[in-house]
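Have a look at the structure below before the remarks.
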Amino acid sequence: MYTLSNPFRQYALSAARCADEKHALDVVLLDLRNASYGLSDYLLLMTANSTVHLGALRDSIKDNLETLGLYLRHQDGRRGAHWVVLDYGGVIVHIFSSDSRSNYSLERLWEDAKPVAWSTKPIKKVRSAAKKKKK
């Protein structure tokens, strides 16, 4: 049985924030503990804007989690790849190119997973151009 003190949550949050600091796009953190077909406790998805950016995200997240004491169990995807998977057991990280992210659409596989708020930044409301013109 899982408890609220599940350490993988803290690792997943740290990895998400690390990805954000390195300007990953569309960062999504999912809690898979009560989802059907959960392979892990947490799933972190993000998009890189180039293969160089993908490699920088991979290296930064690996360094971040190793500093916290969590070590990689398996990695799939080589240099120049369009998709890299980092498996830490309780946390699985997927870093995609934008084409790969839209092609595989992993969020659809775990529609019953609970999204986890990971950002400490306030969400900015963007007014549409139509509303701005009315004023």
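Quick notes on this structure:
- When only alpha carbons are used to place a centre, region 18-53 and region 82-99 end up 7 Å from one another.
- Shape of region 7-134, Cα gyration tensor, a/c cut at 1.5: prolate
- FRET efficiency estimate (nearest 0.05) - Cβ-Cβ, residue 76 to residue 49, R0 22 angstrom: 0.60
- Each of 71, 37, 52 was scored by the projection of its Cα onto the charge dipole of region 7-134, and the greatest displacement toward the positive side belongs to 52; charges sit on the C-beta of Lys, Arg, Asp and Glu.
- For region 40-55, Karplus couplings with θ = phi - 60° (6.51, -1.76, 1.60), whole Hz, Gly/Pro x: 7, 6, 9, 10, 10, 10, 7, 10, 9, 8, 6, 5, 5, 5, 4, x
- Cβ-based exposure ranking for 67, 47, in which fewest neighbours within 10 Å come first: 67, 47
- Region 7-134, relative contact order in percent, only Cα pairs under 8 angstrom and at least six apart counted: 29
- Approximate shape of region 1-62 as ellipsoid semi-axes (Cα gyration tensor, √5λ), whole Å, largest first: 24, 12, 9
- Residue 56-residue 114 FRET efficiency (beta carbon distance; Förster radius 25 Å; 0.05 resolution): 0.30
- Placing unit charges on the Cβ atoms only, positive for Lys and Arg and negative for Asp and Glu, gives region 1-109 a dipole magnitude near 120 debye about its Cα centre.
All of the numbers you see were taken from the coordinates with simple rules; none came from a lab. Here the structure is a predicted model, which is why all the values come from computation and not from measurement. Cβ sites come from the backbone with ideal geometry, for glycine too, and all protein chains shown count toward neighbours.
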